[in-house]
């Protein structure tokens, strides 16, 4: 039993302070305002306060912290992307992840499980070799493995997938991990709060004031505040905020659904992803299987669930793991993914001075939480794009400078 | 062992003539058909049915209503079987899940000793050392989890069914039955579903000694069973509500997907536990569960009961207990006055009634499998226990009847706005979505007669919505007393007063979580995990919400509820998956390929011959032989998976001009042209051949994988542009065979009268002809680099044509070839494959396809982007390369990288050993500045080895197209 827990037995009261205070009202002005109290927004606030000595900051959250895609994703963390830009960026993120539980003094259950992306066709095998080679070039632990190694890591899996989609190999990424997603928001929230950042929940942004292409303030459901810097980190609500400032983006919103089973005794160690079968699955520390598939094929600004998603995912799960026939699904849910044409994010400065974007996170935003916070904090503090996000600017779409992550991220979360 | 079975009770569900033997935890038990596992065990005196999730405390029956997740069992390959509702089956071998050493002596119950160290969210507060976490994690993973997966479980394929109705009524209790009847009488098709084994709901067990409830319920059931417009399905759950009345109905055998024009939610309510110390011990039971035990299974729940009440239901339960031989040790009423005639009459019968009292704690019996006493004490106006006035009352059971929470899951999922009714102390529907109605307890109506009326009211409203009958005003009398108490929660310094039985959450966990800042219902849920267990908060969410409301000084309505999501109860993967159709497409020639020993591969969802296996030869040898047959004799390949389309109309040429990058308006009838398709950003997305068959008629192909998405996109564009043309997708209707090689013409000429001379049918021409009476479209193409014909034919004639060609080719040693040989042959010819030699960002400028793009057209998709891109340097360019002819080592593979000065400068997209050239050749993308023909390049293999190659011009084979010239094809050899 860790000593940390001793105090709870020895104390009559619950010896824990608030993780984040609840400020009474908004101040009239802040040095920077972050719209969106998800993992990304709170991480940016945390690093602004910790690394850039900016403490007069407000985070505005329409609902409750971590209630958007931070709390709706399937918590997979990896860095085996396809493009050099992506690989370097996500690798930095994974490095940050590994120390977060200690940095926060809050256990995020960052669990290193290993990540297999299965190949059922020679075309996917080719793409995986591409990813593996680019990854290795940048020092990332990533390799193409043969079916025997897949079988060794997951002996109970049906390697033929019911006989019609035999597994020809896999991209294996040893650092692939999962984490307790809500706690990430809490950890960053607590860390930011400790350093003086104000977190305002149930505070909606209604307007953004701009004078001669420069941000001057924000109108909220709890009054107007003045600020020279606004960071927008609102995932599926990005188009709505961009409308407020009159910026156009190629972001389109698709629902991304997931579901979770009843708990069972642990049997699945690695994270298994099959692009062809549209399945990704891992088993949590509670014993639940967290399962996801690909995006809904149409645009929709809603988090409703659909039955055909659950049916399709269940069918594919049983192709890989027929012995799960009796396992029951407890719950399904959905998030709104802000997709971009090249499956890479839109980050950094915009044509409006003082308005910064952290968006276009589609289906891959959770794993990038720490590095987004860090690089966006730098960008806001210095009014200069951090090197790692230089390639992700909004202007790339006008300039035909797309990133080309499409091949790697299309299904593999 | 049947010591608790009561004498036969009218309407009981058990069949005493059919005893059932089963074992639980190695001990043999007997029950009856009609019993659930839990009722049979309880009847036999087995009170510990399972262990709790965290502390492994003994647990028994709580609800008997499909949310007793502390009595989950393993039954052979089935895991997490809910003992409270699962029918007993002969020979069942059951064990409790997640115990260490059995349910009676679970060693993990020692964890409870550490409970002071395990505050709410303790796992966030410790074990976070980077070094030690993996060790802790292993320990935690082994302690958690519920049932065990048996890896030998087969893939169970269940059927699915679609169904339709005018009205779906969810819940066959009295209000639902009344609603169904009133609508069916007006002529609507009505379906009623209920998850219980029998219909009738609480009309059959919440009796309070009043038999008229049973009689009236049975009257309704009789009317329904004989009603031609009503179908009643029991043991069927409505698992969720999806948009537009789309409701999955789950029964033992299958999932039925119901599309209902209107839905009435008559789901009822979940009885809620009171919160006091040891409220989880076996023997502390909800009053509705007690009544179910008695009237459904004829089981005496206990001998001597303390009944904690705060509503009329509780007093009725007291009457039911008395009339079935249970001694009432005390009635403990949280309220301070006698509210009903029943209560007053009990008082007169000298049943001890304690008004304004609570149960402060339950005491465990010496065997720790039940209770020995209830400790009660008065409560003050704020609900705080006055512990100075404690009394201990001996009993072996405590019955809780303190309140309800609406089973409003489907209503929430449908988008209903609920409001908190202070009088009822319950959330009730405020604004219902169109076509959705509610009645009965879920609507806040509890009294028997009122439920009948409310059912009829909702039925008539639904009928009016369906266009049947008139909407009439019906008045529902308000409840005489509140069905739910606002605060049936008692604090205790020693805790173990459970709020969430799934997750072992005690009262103090909630104020502690709020103290840590989780003071919003959604955050509270995520931090404490309340409601996240297998019962999804059916008996815990309401109490959690009340606690949060009290701490934050809000009303429950202001606190609000968490989002309700499917499923209502957990649904097995087997039922969701159904039979698991896996779409697979076979070409019309599939059986021919199979007969020729084809080794099939997946191309999208198509099965295509990768190569044709030959006895004693390796895969590579077979492929090489196939390729050589094409180069030296003649080969035949099934290319029927290509997308095949016809477009007709005055604007057909205009349409093609817009969607493809080349020029087609000026094509002569009888000619073909390469067609390249771009997206709006100028990226190459598909290619094919366009053939002009008439002035206003074109036939064209797409790639195999492009067939579906391209057709979808073309249809969209055609709708948008409103041009005078129509597109027909012939992909499935037509087959296509490619005949290629030196003797292709000789083979074909044996079968057709068409003039095949170069003059009459030149390279890249198209002809409509007959082959032995079969109508075909012939295109002279050269994808594999030989004299060849792509023959398009109606799918039903494909195998006849294939047979004819093979037979005619016999004398020329014709050989079928597969995808691999074709890939090799086209590579020798330097032809790229979209998707393999291009990626998601490749422009025609980079892929060497500039010649296929006519920038001077007025418009085509991608043109504007290309105009921008054309002014910039390209980032990569497609090159050919060759290895040294004497290369002996491991050859590079596709997607190996080119490295220069430790930088990635390129990537191999295709590579193969060319038998014709006797060396490895390939295509690759290179940085343009490093892409001079003749330059050396370094390719890095997976193991880090560097292989050198030379950049070469393409085509590698027959660069001067001599193979398409009549005079040359007759020559024996071609220089390369």
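Quick look at the numbers
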read-out	value
Chain B: angle of helix B:174-184 to the longest principal axis, Cα-based, in degrees nearest 10	50
Volume in Å³ per residue [convex hull over Cα atoms, computed for region B:348-485]	169
Dimensionless Rg ratio for region B:497-566, taking C-alpha atoms and the 2.2 N^0.38 Å reference	0.97
Over 23 Å [Cα-Cα, region B:630-758], rounded percent	38
Counting DSSP beta bridges with both ends in region B:158-289, the antiparallel % (nearest 5)	30
Fewest-first ranking of B:960, B:519, using other Cβ atoms within 10 Å as the exposure measure	B:960, B:519
Gained length - residue B:215 relative to residue B:468, 0.36 nm times residue gap less alpha-carbon distance	88.1 nm
Where labels lie 7 Å past Cα in the beta-carbon direction, separation of residue B:33 and residue B:584 in nm	4.2
For region B:273-402, alpha-carbon Rg relative to the globular expectation (2.2 N^0.38 Å, N residues)	0.96
Likely footprinting exposure, B:895, A:372, fewest C-beta neighbours within 10 Å first	B:895, A:372
For region B:215-276: rounded, prolate or oblate by the Cα gyration tensor [a/c cutoff 1.5]	oblate
Residues listed by number, region B:110-135, amide nitrogen under 16 Å from residue A:3 label point at 7 Å toward C-beta	B:126-130, B:132
Packing-based exposure ordering (other Cβ within 10 Å, fewest first) of B:698, B:117	B:117, B:698
DSSP beta bridges in chain B [antiparallel fraction, %, rounded to 5]	75
Label-to-label distance, nm, for residues given as residue B:753 and residue B:162 (7 Å Cα→Cβ offset)	4.9
Folded to 0 to 90 degrees: helix B:619-632 orientation relative to chain B principal axis, Cα	40
Length added when fully stretched, residue B:867-residue B:380, from 0.36 nm per residue minus Cα-Cα	167.1 nm
Helical mean residue ellipticity (222 nm; -39500 (n - 2.57) per DSSP H run of 4+; nearest 500) of chain B	-6500 deg cm²/dmol
Chain A: most fluctuating residue of A:171, A:357, A:247 per GNM, C-alpha cutoff 10 Å	A:247
Value of relative contact order over region A:166-320, rounded to a whole percent, pairs C-alpha under 8 Å and six or more apart	14
Segment residue B:632-residue B:618, length gained on full extension (0.36 nm per residue, minus Cα span)	3.0 nm
Hydrodynamic radius by Kirkwood, which averages 1/r over all alpha carbon pairs of the protein assembly as shown, in angstrom	35.0
Solution diffusion estimate, µm²/s, Stokes-Einstein, region B:198-354, Kirkwood Rh from C-alpha pairs, 37 °C, viscosity 0.692 mPa s	180
Centre separation in Å (Cα based) which lies between region B:49-128 and region A:306-340	26
Helical mean residue ellipticity (222 nm; -39500 (n - 2.57) per DSSP H run of 4+; nearest 500) of chain A	-8500 deg cm²/dmol
Within the protein assembly as shown, percent of DSSP bridges classed antiparallel, to nearest 5	70
Backbone N within region A:1-30 under 19 Å of label point (7 Å from residue B:387 Cα along the Cβ vector)	A:9-15
Centroid-to-centroid separation of region A:135-195 and region B:575-593 [C-alpha atoms, Å]	30
Modelled FRET efficiency - R0 25 Å, residue B:434 with residue A:240, Cβ distances, 0.05 increments	0.45
Helix axis angle, B:312-323 relative to chain B longest principal axis, alpha carbon, degrees	70
Alpha-carbon gyration tensor eigenvalues x 5, square-rooted, for chain B, Å	75, 33, 27
Estimated FRET transfer efficiency when R0 is 56 angstrom, pair residue B:422-residue B:719 (beta carbons, to 0.05)	0.50
Rounded FRET efficiency, nearest 0.05, which uses the C-beta distance separating residue B:340 from residue B:9 and R0 of 30 Å	0.75
Kirkwood Rh and Cα Rg combined as Rg/Rh, region B:283-337	0.94
Approximate spin-label separation residue A:222-residue B:349, in nm, with each point projected 7 Å along Cα-to-Cβ	5.7
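All of the numbers you see were taken from the coordinates with simple rules; none came from a lab. For clarity, every value in this text was computed on a predicted model and none was experimentally measured. Cβ atoms come from the backbone with ideal geometry, glycine included; neighbour counts cover every protein chain shown.
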